Amino acid sequence: MELQTLTYMVVGATFALYIGIAIWARAGSTKEFYVAGGGVHPVANGMATAADWMSAASFISMAGLIAFMGYGGSVFLMGWTGGYVLLAMLLAPYLRKFGKFTVPEFIGDRYYSKAARIVAVLCLIIASVTYVIGQMKGIGVAFSRFLEVDYNVGLSIGMGIVFFYAVMGGMKGITYTQIAQYCVLILAYTIPAIFISLNLTGNPFPQLGLGGTMAGSDVFLLDRLDQVLRDTGFAEYTTNVRLSLTNMFMYTMSLMIGTAGLPHVIIRFFTVPKVKDARSSAGWALVFIALLYTTAPSVAAMARLNLMSTIEPTPGEYMVYDERPQWIKNWEQTGLLGFEDKNGDGRIQYTPDAATNEMTKVDRDIMVLANPEIAQLPNWVIALVAAGGLAAALSTAAGLLLAISSAISHDLLKGVFKPDITEKQELRASRLAMAGAIGVAGYLGFNPPDFAAGTVALAFGLAASSIFPALMMGIFSKRMNKEGAIAGMIAGIGVTLFYVFQHKGIMFVPSTAFLGSMPENWFLGIEPNAFGAVGAIFNFAVAFIVARLTAAPPEHIQHLVEDIRVPAGAGTAVAH
Amino acid sequence: MSKNASYWTANLRLVAVCMVIWFVCSYLFGIVLVEPLNNIRLGGYKLGFWFAQQGSIYVFVALIFFYANRMGKLDREHNVEEE
């Protein structure tokens, strides 16, 4: 069957499944809309959290980035998994014990202050909208390829689908749909990886294949890859450091702390029945995430190797442009892959030197989607990957939009400005907020600040510098007061935003970057994507100094902190 | 209250141990010491590279379940379990 038709069928069937589940579980009351009645089993919750968590950045973008960064791409692998350790040990069980709906609600109560709650809402919205921009980039890439249209058209269609999808169901719809989405996305990721690993190394486990030898030879795959790259003048794959080890350290730290500071993930742990389930739920989530994350490095290295041998089938003999394979023609249509025959020899030279390199544009975000085509896998595998990429992007976008809309309708409207609002009005406000967020993120997605995973890394930096320190200090320091927490959040996100905007442009519009993205102006050589860790340190420092200089929190708050530290007496998640 | 205080101290001690392991297997083995460790091979993997792209993730998973399990024990010992 033709690829296009097959893709429509597979994508259509999975969508029908998700929408079917969403309708079946259609949210009735506000409580169900936000937390699914607090009765989700830890394994099921772990699986849904994994789907929620693994976005277009993980599925579509990450392996492609690693393919071109080599060892330097490790920051994503460690950063996006190690955060779960922080989450399980420092936040999840305590927030579950506290037993409310949203992250700003905890901050507002713990710091006995509406101002703290509003600041938390603003930080949450800034981080989440940035995150959704990254998803939109991924969705745009996927749709543009499979509908064979330009990236911008693909993005517009994607926005419409995300809107319809997120507004339909609340958390409950999302929890069960996300379990279905996890299954689709993990199959879609691992099946092609297994095929490719078998092709190249003869080992069906990609994790082992990556450390194994090339099929029918005793050369290790990674040594072969290093060799090929050295010969064409590129940096060696396994030792290619991203800027500097300091930068990699901070980048990893920023992603880890951000993981534990992102509201749409934290909110997941409000939905388990017990405190002890919150701990193991984080573990289960990471098991399901690790399935993809330990496969990704193999996908990356093998995709790079396959790409190199497509462009240069035998050493010194480059691909003839007119004989290029179909997948290249397909991606050229989207505007995300481009060639320019600079020396007019009809062949495509691919080199690290900008003057002679003729593969002038290769958007990293196309690699995972193109990978099965490059490896000449059967059409149904390619169709499955399309469905998986969309599942990843949609599930995360929906979870984030829910976090944004609940922050606006529940925390701002009901919690602060209009406490007498009815449930119906609250639901309507939250749906309006979702539409607004999709519009803004989609609009900024036409001109994204980075590849999908890079944009998402920025969002993590923003969450790391604002939300995580406030939550952690709220649990681990009885002395932390509202003045300290508010000053810390503002200082942390302020310094991070300032650093990001001065290099990437205000609201990521490149022409407004007042320092340009110039490495020589980077603080300690740390790139903007990695700056969240510095912001977080700044947040902690400012908060401690301010708290020292101001009055201790009132008695009942200190009791509240003591209370959330022990599991006994946790009820189900409750409304006010 | 003192019963809860000793529970909290035990918890903090456990968290500290876990955080050290977390730090060593990712930041130390995967980044800071990557170059010396790369001289050791694990099949086709250089060891530092393996920690950065595979090993650290396995350790994280094990670490969370270890923590959850030990905390469950602490909850029972200090009698602070949920009903």
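The values are calculated or read from the model by the stated rules, or taken from the named source; none is laboratory data. Given the structure is predicted, the values throughout are model-derived calculations rather than measurements. We place every Cβ from the backbone using ideal geometry, glycine too, and count neighbours over all the protein chains shown.
Here are the numbers:
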read-out: Single condition A:V184 does not satisfy, out of (1) within 30 Å of the chain's Cα centre (by Cα); (2) within 18 Å of A:P297 (Cβ to Cβ); (3) in a helix (DSSP H, G or I); (4) of a type in the set (V, I, T); value: (2)
read-out: Residues of segment B:1-59 satisfying the condition of being of a type in the set (K, R) and over 18 Å from B:K73 (Cβ atoms); value: B:R41, B:K46
read-out: Qualifying residues in segment A:324-357 (those that are of a type in the set (D, E, K, R) and more than 28 Å from A:G140 (Cα to Cα)) - the one surrounded by the most Cβ atoms within 10 Å (Cβ to Cβ); value: A:R347
read-out: Scope segment A:206-222; condition crowded, with 17+ Cβ neighbours inside 10 Å and not small (G, A, S); matching residues; value: A:P206, A:Q207, A:L210, A:T213, A:M214, A:F220, A:L221, A:L222
read-out: Test: residue in segment A:264-286 that is surrounded by 24 or more Cβ atoms within 10 Å (Cβ to Cβ), at the interface with chain B (Cβ under 9 Å from one of its Cβ atoms), over 12 Å from A:M47 (Cα atoms) and modelled with pLDDT of 95 or more; value: no
read-out: Test result for A:V542, β-branched (V, I, T) and modelled with pLDDT of 95 or more; value: yes
read-out: For A:Y84: the one exception among (1) touching a Phe, Trp or Tyr at 6+ places or on another chain (Cβ under 6 Å); (2) within 14 Å of chain B (Cβ to nearest Cβ); (3) surrounded by 24 or more Cβ atoms within 10 Å (Cβ to Cβ); value: (1)
read-out: Count of segment A:441-481 residues which are of a type in the set (F, W, Y), under 30 Å from A:D563 (Cα atoms) and buried (at least 22 other Cβ atoms within 10 Å of the Cβ); value: 2
read-out: Options A:I191, A:I161; residue that is under 24 Å from the mean Cα position of the chain (by Cα), closer than 30 Å to B:I64 by Cβ and touching a residue at least 12 places away in the same chain (Cβ under 8 Å); value: A:I191
read-out: Filtered residues of segment A:409-456 (kept if of a type outside the set (D, E), more than 23 Å from A:I107 (Cβ to Cβ) and not in a helix (DSSP H, G or I)); value: A:T422, A:F446, A:N447, A:P448, A:P449, A:F451
read-out: Residues satisfying the stated conditions in segment A:106-126, i.e. surrounded by fewer than 24 Cβ atoms within 10 Å (Cβ to Cβ) and within 15 Å of A:I266 (Cα to Cα); value: A:I125
read-out: Selection status of A:A235, at the interface with another protein chain (Cβ under 8 Å from one of its Cβ atoms), surrounded by fewer than 24 Cβ atoms within 10 Å (Cβ to Cβ) and either part of a loop (DSSP other than H, G, I, E, B) or in contact (Cβ under 8 Å) with a residue 12 or more places away in the chain (or both); value: no
read-out: A:M69 vs. criteria within 8 Å of chain B (Cβ to nearest Cβ) and part of a helix (DSSP H, G or I); value: no
read-out: Failed criterion for A:T356 (all others in (1) under 28 Å from the mean Cα position of the chain (by Cα); (2) at pLDDT 90 or above hold); value: (1)
